[in-house]
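Participant: Following this message is one structure expressed as structure tokens.
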Amino acid sequence: MLPIRNLTFPTTVSLSALLFATITVHAQSTSPQPVADDEKETVIELSPFEVRAEGDDGYKVANSLSGTRFNTKLLDLPRAVDVITSDFMRDIGATDMLEALQYTPGVVGDIAPGGDDVQGGQFSIRGFSSNTGYRDGFASSFIIDPILVERIEVIKGPSSVFSGPIEPGGTRNYITRKPPAKHSSSVNVEYGSYENLRVQLIDGGPIDQNGKLSYRIAGVSNTNKSHQDFAGRDKYVLGGTLVWKLSKDLVLQSNLQYVYNRLVPSADIPYYSQKTVSGVTTYYYEPNVPRSFNRQGPDAKSNLLQVSGATDLTYTFSPTWSFRLGLFYSYQDLERLLIGGSTRVTTNATTGIRTVARASATYEPNAVSYTISPQAYALGSFKYAGVDHKMIIGGEYSYQDQKNDVYRRTAAFPTVNIDAGTNNNFTFGNPDDRTEYTPNDLRRVLNRSSGVSITNVLKLFDSRVTFMQAARYSAIDTIRKNLMGAGTRVSTAADDLVQSYGVSGRVFPWLTAFVSYSESFLPQTVYSFAGEILEPVKGSGWDYGLKFDIIEGRLSGSIVGYDIKRENAAFADPDHPGYYLAIGEAVSQGLEVSLTARPIEAWQIVVGYSNVDAEVVKSSTALQLGRASNVPEHQFSMWNNFRFKKGLLKGFGLGAGVVSVSNRRGSVGLPDQPGLHLPAYTKIDANMSYSTRIMSKRWNFKVTVKNLTDEEYLATSGGYALPRSVTGSVGINF
């Protein structure tokens with residue numbers, strides 16, 4: 001196969017056009033049928049700063065907020081943005097963001113299911129880590145449940161103009177679900193493998209007769225055990241949205257989310273061994289490690305409380321100007337007791353007993369942080385000389401205060417026998433004993449950041465050409481203090497100006513070609529041996545390709561090529577331990593295909609493919625060079641959902657999905673040897689549902705099988721994916 005980095009721009013466009021022509025030839029047109037009122041929730045329209053839900057049709061969306069901060073047609077937007085709708089998340093049975101994004105090309109999870117995750121999903125986009133997400137345009141790395149999400153907008157490529165400081169691969173923007181126009185309530189109960197019990201309740205609608213005041217409230221209780229010894233999770237979510245339409249031009253809305261997550265983490269780790277022959281050391285994954293073995297033990301914990309909310313006031317001054325004032329606030333309290341250690345297996349030559357070491361244990365009794373972040377943006381709409389011009393200008397500020405006391409026990413722990421299961425000594429000792437667990441880091445951190453930005457979108461030649469220009473200036477300062485010893489206080493500051501440009505053109509009314517350039521930056525917090533803070537990580541990238549929406553909207557998607565470069569990444573200074581060098585450089589080039597189809601009203605299809613060639617090309621050590629960890633060169637996904645609309649099978653639904661991922665590099669802390677690669681895998685999910693009316697109420701029954709073939713595969717270098725699970729659910733709409 002021709003490597004993607006050898007494809008020139010004209011070659012990629014030619015291949016895209018050929019693929020598009022093939023799709024067009026084989027597609028068939030069918031007139032759409034209206035969706036029943038009780039099957040599609042009508043959402044209250046708010047302002048140009050909100051996504052208009054009437055443009056959505058099942059899995060297909062027409063508009064996006066991300067990239068410009070105002071409602072923009074995806075077909076004309078000269079940026080790569082993938083959108084996952086609430087209908088899609090519901091149909092695939094997603095209960096977290098890792099599941100919700102698994103069909104998105106170029107996006108892979110960076111944490112194994114069941115692990116200690118306080119961010120609601122860690123991801124890699126286009127070969128670069130992307131752990132910071134956004135909620136309604138506000139930076140937020142909190143857990144969020146799909147029940148509270150209207151859609152997920154994945155912005156591809158460097159996006160600091162929209163996001164502020166961030167890695168160059170891209171980010172996610174979670175759009176909060178709005179109140180329905182008509183009152184509705186629902187209850188859904190799901191039970192399945194590993195005692196997984198999920199109960200969710202939703203209620204919402206207008207409060208007054210004229211619909212000026214409306215609400216939506218949703219709650220989830222989700223408890224489950226695990227295929228691993230000791231592991232399990234209790235998650236409780238409560239969220240609500242209130243919208244008050246004070247006048248036709250003035251709207252106030254507020255949302256609040258409460259999450260409590262009690263976790264005994266799993267550690268389904270790929271343990272490895274090594275052997276040396278003639279001075280050559282070969283590494284390989286240890287075979288036949290019991291999937292139930294969990295070295296964390298029964299006393300490990302990660303208990304998390306997160307409360308967050310946002311309030312927005314939007315006002316339309318005139319047909320020309322609209323204004324948005326927003327405030328985001330969050331609070332987090334984390335208690336965590338975890339153990340680390342080597343993943344290398346030691347085998348006793350005499351007894352054959354296989355053991356792994358448990359090293360230092362870390363105890364964080366209450367890591368507390370809170371954030372306050374206001375935003376203000378003004379949107380102008382102008383028409384002059386045949387030009388339709390939209391300009392948004394504004395700024396934001398963020399204040400974050402963190403307190404985290406970290407205690408560590410470094411005294412030797414007993415090794416554990418990986419074949420003995422629960423018959424091991426998993427002791428943690430007494431984490432409250434300060435002679436046993438001594439202070440390691442009594443950290444206090446204050447982060448303050450501000451940014452101002454401007455984005456211009458101009459439509460020319462009867463809206464056949466769209467030009468986008470954007471710029472953002474950001475400034476960040478951080479104060480760190482460690483209460484240990486002399487209480488060292490360190491201040492750092494960084495600022496940068498990033499830009500973005502793009503142009504798209506309607507080749508046909510249903511086909512757009514586009515090209516764009518964008519930048520990103522991310523301040524660093526480590527020092528060189530000279531005592532200077534490292535320069536920010538810089539990212540730059542090009543996107544180019546085609547977008548289409550044809551056959552009366554029944555076939556839409558994009559074919560996108562990209563080229564991204566990251567510079568100044570920090571790597572350990574080999575000559576001065578504890579210090580760093582800003583010499584890291586990584587590149588990622590690839591091709592992404594996204595396709596949403598609805599051949600007939602009852603049948604919806606989502607197809608995704610990505611080819612990612614991501615590698616580290618400069619580092620302080622040879623070990624870090626080469627392929628990026630956990631990034632597949634090839635990733636293919638397809639989801640089909642068919643719902644019978646009439647006849648004897650009316651109300652029945654069938655869904656099936658496949659995710660296929662190629663071989664990946666394992667941990668960058670180990671050599672890039674074949675024995676440590678993460679093997680390719682193919683995962684299949686399926687479900688069957690039935691919906692009917694009983695005594696005037698809508699009842700929904702569903703059986704879902706995830707990992708249908710019980711494929712045993714490594715989700716990341718840090719752990720295996722979940723075994724096959726079967727769940728059944730019953731729901732009722734009032």
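Coordinate-derived values only; no laboratory data. Worth saying up front: this structure is predicted, and the values here are computed from it rather than measured. FYI the Cβ positions are ideal-geometry reconstructions off the backbone, even for glycines, and counts take in every protein chain you see.
Participant: Rounded, prolate or oblate: which fits segment 556-655 when a ≥ b ≥ c are the square roots of the eigenvalues of the alpha-carbon gyration tensor, with rounded for a/c under 1.5 and prolate only if a/b beats b/c?
Facilitator: It is prolate, given that a/c is not under 1.5 and a/b is the larger ratio.
Participant: Based on alpha-carbon centroids, what's the gap between segment 237-283 and segment 95-172 in Å, whole number please?
Facilitator: The distance from the Cα centre of segment 237-283 to that of segment 95-172 comes to 9 Å.
Participant: Taking H as built 1.01 Å from N, whose amide H comes closer than 5 Å to the amide H of residue 140, not counting residues under 5 places away?
Facilitator: Under 5 Å from the amide H of residue 140: 133, 134, 135.
Participant: Any chance you could run the full-extension gain for residue 282 through residue 642? It's 0.36 nm times the residue separation minus the Cα-Cα distance, nm to one decimal.
Facilitator: Extra length from residue 282 to residue 642 when fully extended: 124.7 nm.
Participant: Run the reach check for residue 702 against aspartates and glutamates, Cα to Cα strictly under 14 Å, same-chain hits fewer than 8 apart removed. What comes back?
Facilitator: Within the straight-line limit of under 14 Å, residue 702 reaches these aspartates and glutamates: 91, 190, 685.
Participant: With angles folded into 0 to 90 degrees, how steeply does helix 9-26 sit against the dominant principal axis of the chain? Use alpha carbons for both and round to 10.
Facilitator: 60 degrees
Participant: Here is a follow-up. For residue 349 paired with residue 430, estimate the spin-label separation in nm (one decimal), with each label point 7 Å from Cα along the Cα-to-Cβ line.
Facilitator: A separation of 4.2 nm, rounded to one decimal place.
Participant: Continuing with this model, one more query. About the Cα centre of the chain, what is the dipole size in debye to 20, counting +1 per Lys and Arg Cβ and -1 per Asp and Glu Cβ, all else neutral?
Facilitator: It comes to approximately 940 debye.
Participant: Any idea what the relative contact order of the chain is, in percent, if you count C-alpha pairs under 8 Å spaced at least 6 apart?
Facilitator: 12 percent
Participant: Which far-off residues, 5 or more places away or on another chain, put their amide H under 5 Å from the one on residue 294, with H placed in the peptide plane?
Facilitator: Sorted by chain and number, the residues that satisfy this are 229.
Participant: So, one more: Compute the distribution of all C-alpha to C-alpha distances in segment 233-371, in bins of 5 Å from 0, and list the percent of pairs in each, rounded to whole numbers.
Facilitator: 2, 7, 12, 12, 10, 9, 9, 7, 7, 6, 5, 5, 4, 2, 1, 1, 0
Participant: Find out how many positive minus negative residues lie around residue 499, taking Lys and Arg as positive, Asp and Glu as negative, among other residues whose Cβ is under 9 Å from that of residue 499.
Facilitator: After counting each charged neighbour, the total is 0.
Participant: Could you tell me which of the pairs 245/390; 645/706; 301/618 are separated by over 29 angstrom between their Cα atoms in the structure shown?
Facilitator: 301/618
Participant: Here are some values of volume of the Cα convex hull per residue in Å³: (i) 172; (ii) 163; (iii) 554. Which one was computed from this structure?
Facilitator: Answer label, from the structure shown: (i).
Participant: Between residue 262 and residue 654, what length comes free when the chain is fully extended (0.36 nm per residue of separation minus the Cα-Cα distance, one decimal in nm)?
Facilitator: Computed gain between residue 262 and residue 654 is 137.7 nm.
Participant: Specify whether the C-alpha gyration tensor of segment 457-505 places it in the rounded, prolate or oblate class, a ≥ b ≥ c being the square roots of the eigenvalues: rounded for a/c under 1.5, otherwise prolate if a/b is larger than b/c and oblate if not.
Facilitator: Prolate, because a/c is 1.5 or more and a/b exceeds b/c.
Participant: Residue by residue, what Karplus-based ³J(HN,Hα) values in Hz, rounded to whole numbers, does segment 346-354 have, using 6.51, -1.76 and 1.60 with θ = phi - 60° and x for Gly and Pro?
Facilitator: With coefficients 6.51, -1.76 and 1.60, one gets 10, 10, 5, 5, 8, 8, x, 6, 9 Hz.
Participant: Here's something else I'd like to know. Between residue 575 and residue 699, what is the spin-label point distance in nm, taking each point 7 Å from the Cα along the Cα→C-beta axis?
Facilitator: With each label placed 7 Å out from Cα toward Cβ, I get 7.6 nm.
Participant: Counting only helical runs of four or more DSSP H residues, what would the 222 nm mean residue ellipticity of the chain come to if each run contributes -39,500 (n - 2.57) and the total is spread over all its residues?
Facilitator: -1000 deg cm²/dmol
Participant: Provide the FRET efficiency to the nearest 0.05 for the residue 605-residue 387 pair, computing r from the beta carbons and using R0 = 30 Å.
Facilitator: 0.20
Participant: Going toward the positive end of the dipole of the chain, with +1 on Lys and Arg Cβ and -1 on Asp and Glu Cβ, which of 718, 479, 603 do you reach last?
Facilitator: Towards the positive end, the residue furthest out is 603.
Participant: Another one. Compute the FRET efficiency between residue 469 and residue 321 as 1/(1 + (r/R0)^6), taking r as their Cβ-Cβ distance and R0 = 22 Å, and round to the nearest 0.05.
Facilitator: The pair residue 469/residue 321 has a calculated efficiency of 0.65.
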